[in-house]
Every structure is written in C-alpha cells, then in structure tokens.
Amino acid sequence: MKLILLGAPGAGKGTQAEKLAVKLDIPKLSTGDILRTEVSRGTELGKKVKSIMEAGYLVSDEIMIKLIQNRLEQDDCKKGFILDGFPRTIPQAEAFEKILDNLPTSMGDTHVLFLDVRQDELINRLSGRFSCKDCGANYHRLYNMPTQQGVCDKCGGKNLIQREDDKEEAVKIRLELYKEKILPVLQYYYDKGKLIRIHGEDTIEAISSEIASIIDNKKDIKFANA
Ligand code: AMP
C-alpha cells in the first residue's frame, strides 16, 4: 500500500497520516517532520533549511528529492508507506515516479488522497495549531487539546509550542505557495486518474473512517475524474 496525502497546510494530512500509519502498519514519511528533526538536531541540512521553513517558503526540489529518495530506500518502506507533504511541486511528482521505477515497487498501486478544505477554514485551523517540540505531535486549541494541559499525549514532553511557520505572516506565504505550486500537482494526479477527493472539513474521526473505508473497499474508490 502506497499512499500520498495531498492538501493545503492545515488540511489535516499529518493527523490522518499518523492514524493510517498505525492502522496499516506502514511508516508515515512526513517531509516536514524529517526537516524539523534536522533543524532541531542542528545538522548541515537543518542549518540550510531553517530560515526557509520558518518564513513559510518551500525547500528546493533538489534537496527534497534527495531526501525522499534516501528515505524510500530504507527497509521499512518495502511493504509500503504514506507520504505526507511530498510531492509538493511538479518536479517532485515527476521525480517520485522515477524513484519508484528504481525500487521493487511501482506507481501502479499508489493512491493519492486529496484532503479538500476551504481557505478560511485553513486559516482558522493553522492559527489555533500548536505542536510538541520534542516529537512533532500536533494539537489544536479548539479541536484537539492534549489530555493534560501543557503535556504531550504522545511523548509526555512539556514543550508545546506554536510553529514559527504557523504565525500569521508565514501562513499567508504558505497558502499562496500552496495555490501556486500544489494545484498543478493535483491536476497532475487527476489527469492520471489517481486523485481521490476527500471532504476535509468533517471531524478527524469521520475523515479517518472515510479514508479507512476507501482503503478497505478499493473497488469503491471514487476517483475525482471518474
Ligand atoms: P509541513 O509540515 O508539511 O507543512 O512542512 C513544513 C515546511 O517544510 C514547509 O513549509 C517547507 O518549508 C518544508 N517542506 C516540507 N515538505 C516539503 C516539500 N515536499 N517541498 C518543499 N518544502 C517542503
């Protein structure tokens, strides 16, 4: 099972990818999380991308393609994976197909899920979002508070912070870039008959059961261009 989750910042890709990874027992590959780990470890890559990420801009295709290629070559990806945050541009989508051609796997059984959320709802979600600095778990002031205030449910850490790129200026840039770069990627998968649209404004649980039923009944998948 290979899944790509597409959608704007704040569409809920990370939350759903997390649940799917547990359900399907395959790794979630979040390029944002991988980069944030590099930044917090202060690696060469982390130093290179820190300010780009904090301002809400995209990291170069060259860096991202290399990063995902290395990750996909690891053993835990052999039985499948969930991509969250990649591909985000047409060159990334094209490179991804070439990478798959060189792995013992193919694009054929890759499903692309698009979490569709309106812009005003995205702004609402992003501005209330906070996350755990230690493990990256996401929370929201209105919809998804940790059980114990100030403590991460997942790792017990007490560093719950608002991401730099969830601040107002960076959010504006991210949504602009989304429109410019990601809409063509949606079109790319639509044209290939691979895009499955999910209404992304239900509750987290409702969306996750819709995705689960799509995956469990693959014959019933409603492709966006069917
Ligand atoms: P995310 O957590 O997916 O919103 O990603 C956070 C930030 O990481 C983005 O705003 C970009 O700066 C960078 N990033 C993550 N994935 C990609 C990608 N596929 N291409 C370019 N930049 C990326």
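Computed values, structure above
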read-out: Filter pass, Lys66 being open to solvent by 20 Å² or more (accessible area, probe 1.4 Å), part of a helix (DSSP H, G or I) and closer than 20 Å to Leu115 by Cα; value: no
read-out: Within segment 1-39, considering residues that are part of a loop (DSSP other than H, G, I, E, B) and more than 11 Å from the ligand (Cβ to nearest atom), the one most open to solvent (accessible area, probe 1.4 Å); value: Asp25
read-out: Among (1) at pLDDT below 90; (2) out of contact with any helix residue (DSSP H, G or I) (no Cβ under 8 Å at 6 or more places or on another chain), the one test that Arg197 misses; value: (1)
read-out: Filter result for Ile82 (outside any loop (DSSP other than H, G, I, E, B) and open to solvent by 10 Å² or more (accessible area, probe 1.4 Å)); value: no
read-out: Segment 146-167, subset over 20 Å from the mean Cα position of the chain (by Cα) and open to solvent by 90 Å² or more (accessible area, probe 1.4 Å), residue nearest to Lys19 (Cα to Cα); value: Thr147
read-out: Residue in segment 180-203 that is open to solvent by 20 Å² or more (accessible area, probe 1.4 Å), of a type in the set (A, V, I, L, M, F, W, C) and over 18 Å from Leu20 (Cα atoms) present; value: yes
read-out: Residue count for segment 46-62, restricted to those that are open to solvent by less than 40 Å² (accessible area, probe 1.4 Å) and part of a helix (DSSP H, G or I); value: 4
read-out: Odd one out for Glu121 among (1) surrounded by fewer than 16 Cβ atoms within 10 Å (Cβ to Cβ); (2) within 10 Å of the ligand (Cβ to nearest atom); (3) assigned to a helix (DSSP H, G or I); value: (2)
read-out: Members of segment 124-173 that are touching a helix residue (DSSP H, G or I) at 6+ places or on another chain (Cβ under 6 Å) and polar (S, T, N, Q); value: Asn138
read-out: Failed criterion for Gly136 (all others in (1) surrounded by fewer than 16 Cβ atoms within 10 Å (Cβ to Cβ); (2) at positive phi; (3) within 13 Å of the ligand (Cβ to nearest atom); (4) not hydroxyl-bearing (Ser, Thr, Tyr) hold); value: (1)
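Here's the yes/no breakdown for (1) closer than 25 Å to Gly200 by Cα; (2) within 14 Å of the ligand (Cβ to nearest atom); (3) in a helix (DSSP H, G or I):
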| position | (1), (2), (3) |
| --- | --- |
| Leu100 | no, no, yes |
| Leu103 | no, no, no |
| Leu115 | yes, yes, no |
| Cys152 | yes, no, no |
| Gly156 | no, no, no |
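The values are calculated or read from the model by the stated rules, or taken from the named source; none is laboratory data. This structure is a prediction, so every number in the text was calculated from the model and none was measured. As a convention, Cβ positions derive from the backbone with ideal geometry for all residues, glycine included, and neighbour counts pool all protein chains shown. Only protein heavy atoms, including side chains, enter the accessible area calculation; ligands, DNA and RNA are left aside. Shrake-Rupley method; radii C 1.70, N 1.55, O 1.52, S 1.80 Å.
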